[in-house]
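This report refers to the structure that appears directly beneath it.
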Amino acid sequence: MNAPLNMLRMGLGPFASGLRAPESISDPSGMARARQQVHKEHGGAGIVADSRSIMASIASFRRSGKVEGFRDLKYVCLGMGAIDPQGWCVIADAELRVRVLEHVEGQAEVRRRIRCFQALLSSYWAFPLNGKQASDDAKAGWRELRSWLRVELERIVKSKEPKPPWFAALTKHTALLSDQPCDKFGAALLRGDSTELRDAMESLAIPSDSWVLEEAVIAQMRAGCDLTDAPFKATLPNLINIGTGRGGVELGESLRLRCVSLLVSRYAKCRERPEHMALRDAAVSIVGNPWLRRVNWDAWVVDARGKPDGQSREMVNGWLKRRLITDFFELLSVDGTGDSRRVDYWLRFEPSIEDMWFALGSDAQYRRGDQFNDFRNRAKGRLLDLDGTTADNNAFVMRVGRYLLVEFGAKGNAMFVFEWDSLGQPLLDTLHSGRARASVSIHKLKDANNIERLIHRDSAVQIWEQKFDAYLVPRIGQRPADAPRRVNVVRHARPEAFSQDTWNLFARIHGLSVEDNRSRQGALWVLGVEQPSHVAAQLEAWGFRHREPRGWFKE
């Protein structure tokens, strides 16, 4: 008897009474759903299976190391990447993983090999690649599975066995089995075109929570980072929204870290890098404050060689420090009007400030408003309560080299300088406590063991910024790139104010090249005609004249 013919007769049995006209079908939508289900189970890329059966087969395989029949093999293939509560999965066990793949390769029928390949492909899509529960061994196993799938795909392609419809979709999207599985989607996604990604997801039955969607987001980030500076900056706001999970795709913690790290590292390579507040806030909230959490920052924000990207770290460090310095003198001044001279002065020293703390009086501790809330959020971890003073006073504390410098929000206070190594242990413990509400007494910040008190008071010879520079620069060992912004305030001194001591101080502050011939009946020279306006004004006030090309002289 012809067995295949008999099977065909049996299969046609339901149609013996004849086909009905479409209009006589009471539930055409139900028929459509049934058609989709048949396609899914027999022609689509997805596999329908009971999770309990899968886990039972996995448990049996783990105990015995054996697979009892093709059904169990298919279930084990489907559950290869399933991680149990203890963090174990077949894909992480090198011996069991190899044994499964050898079982699949040993299937005599190509049809069965294709079915197992399909099950392993489902495990490949479903593996929680970016999840915390995935161990390094599991990720390594997943990469080996990817390599195996790529090789097996080529074997199946060469076979003459009929292929299911989903197989054509996989050959169209073979890049999904490569080391850069989603890069090909990046440029299109950057343009707002998700057609190809949707086609891959739907035709291959890739779950919506698959790593594929997550890696497609990374591909979009990389495509944006590959742009030149101007177009990159133009698309940066949208990339920040996507990378922080506000672009319609919910992202896990590690994926947000990767996205923001890519963006901040690329921005640091731009020729012009003005402070980008949205990028700054995303970097601090997701990666962390780079000067408080440097280890975490350096682990995520890396360069093309995988080394910590110091350029981006210092860029964000600078943004944070400059904004906090500005906020302190503009938001937290006693009279509420700000002190632009002190802002300008300390911003020049930002690269030299290694650490900073903000000791707040009770007014600033509890004051509400977006600006104050933003300041406190950005200064988190470096906020202290300031005791023993008026409610409206605040202190700005800086570590610069081997010195601790203390400024106060209330005008009229001196700037106090301490040797770091001379600080008492209680103050050091307070500065490094990390507690949300550690407190410090103003008396500790004005302690008698200070080595200098500098007053913000201009004199006829110099403004206070010059006086501060004259003291700090030699001790810090680094001169700010810019002169004090207020240094161009012309201070006309009367000629009789000239004295040798005054002259020596003035020449040292401004780094003048001097030739003194007065002992030989000659002139006192300042070499170089081109001098800053404030220097030229003071030289004229003291009776100096300029002579091309040598410089300025006083007889």
Failed item, numbered, when Trp88 is tested on (1) under 25 Å from Gln133 (Cβ atoms); (2) at pLDDT below 90; (3) not β-branched (Val, Ile, Thr); (4) not in a helix (DSSP H, G or I):
(2)
Take region 525-552 and flag every residue that is out of contact with any helix residue (DSSP H, G or I) (no Cβ under 8 Å at 6 or more places or on another chain), assigned to a strand (DSSP E or B) and among the aromatic types (Phe, Trp, Tyr).
Trp525
Quick test for you: out of Ala168, Ala216, Ala175, Ala188, pick the one residue that is of a type outside the set (D, E, K, R) and out of contact with any helix residue (DSSP H, G or I) (no Cβ under 7 Å at 6 or more places or on another chain).
Ala168
Per-region count, region 523-539, residues open to solvent by 30 Å² or more (accessible area, probe 1.4 Å) and modelled with pLDDT of 80 or more
1
Would you confirm, using the coordinates I've provided, whether Ser312 is among the small types (Gly, Ala, Ser), open to solvent by less than 10 Å² (accessible area, probe 1.4 Å) and within 15 Å of the chain's Cα centre (by Cα)?
yes
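Being charged (D, E, K, R) and farther than 19 Å from Trp88 by Cβ is the filter here; which residues of region 101-141 pass it? If you could, list the steps in order and put the result at the bottom.
Residues of region 101-141 charged (D, E, K, R): 102, 105, 109, 111-113, 115, 132, 136-137, 139.
Hits for region 101-141 are Glu102, Glu105, Glu109, Arg111, Arg112, Arg113, Arg115.
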Taking first residues from region 363-391 that are more than 21 Å from Asp429 (Cα to Cα) and second residues anywhere that are assigned to a loop (DSSP other than H, G, I, E, B), the pairs with Cβ under 6 Å that are 6 or more apart or on different chains are Asp363/Ala391; Asp363/Asp392; Ala364/Leu332; Ala391/Gly361
Selection from region 411-431 of residues that are open to solvent by 20 Å² or more (accessible area, probe 1.4 Å) and assigned to a strand (DSSP E or B)
Glu419
Starting from residues that are of a type in the set (A, V, I, L, M, F, W, C) and outside any strand (DSSP E or B), keep the ones in region 350-399 and report whichever is farthest from Met415 (Cα to Cα).
Phe372
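Which one of these is over 39 Å from the mean Cα position of the chain (by Cα) and either among the acidic types (Asp, Glu) or not in a loop (DSSP other than H, G, I, E, B) (or both): Glu144, Glu154? Spell out the reasoning first.
On the way: Glu144 fails: over 39 Å from the mean Cα position of the chain (by Cα).
Unique residue meeting the criteria: Glu154.
Each row is one residue, and each column tells you yes or no for (1) part of a helix (DSSP H, G or I); (2) open to solvent by 20 Å² or more (accessible area, probe 1.4 Å); (3) modelled with pLDDT of 90 or more; (4) in contact with a Pro (Cβ under 6 Å, 6 or more places away or on another chain).
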site: Lys66; (1), (2), (3), (4): no, yes, no, no
site: Val76; (1), (2), (3), (4): yes, no, yes, no
site: Val98; (1), (2), (3), (4): yes, yes, yes, no
site: Ala108; (1), (2), (3), (4): no, yes, no, no
site: Arg115; (1), (2), (3), (4): yes, yes, yes, no
site: Leu121; (1), (2), (3), (4): yes, no, yes, no
(1) modelled with pLDDT under 95; (2) under 25 Å from Ala278 (Cβ atoms); (3) of a type outside the set (S, T, N, Q) all hold for Ala219 apart from (1)
Yes/no for Ala460 being among the small types (Gly, Ala, Ser), surrounded by fewer than 16 Cβ atoms within 10 Å (Cβ to Cβ) and more than 30 Å from Leu279 (Cβ to Cβ):
yes
Scan Phe396, Phe408 and give me the residue that is in contact with a strand residue (DSSP E or B) (Cβ under 9 Å, 6 or more places away or on another chain), more than 15 Å from Ile353 (Cα to Cα) and crowded, with 21+ Cβ neighbours inside 10 Å.
Phe408
Filter region 250-299 down to the residues that are touching a residue at least 40 places away in the same chain (Cβ under 8 Å), basic (Lys, Arg) and in a helix (DSSP H, G or I) and list them by number.
Arg258, Arg266, Arg280
Tell me, please, whether a residue that is hydrophobic (A, V, I, L, M, F, W, C), under 26 Å from Glu215 (Cβ atoms), modelled with pLDDT of 90 or more and surrounded by fewer than 16 Cβ atoms within 10 Å (Cβ to Cβ) can be found in region 278-290.
yes
From Gly81, Gly106, grab the single residue that is under 30 Å from the mean Cα position of the chain (by Cα) and of a type in the set (Gly, Ala, Ser).
Gly81
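The values are calculated or read from the model by the stated rules, or taken from the named source; none is laboratory data. Small disclaimer: the values here were computed from a predicted structure and weren't measured. Neighbour counts run over all protein chains shown; Cβ positions are idealised from the backbone, glycine included. The area values use the complete protein model at the heavy-atom level, side chains included, leaving out ligands, DNA and RNA. Shrake-Rupley method; radii C 1.70, N 1.55, O 1.52, S 1.80 Å.
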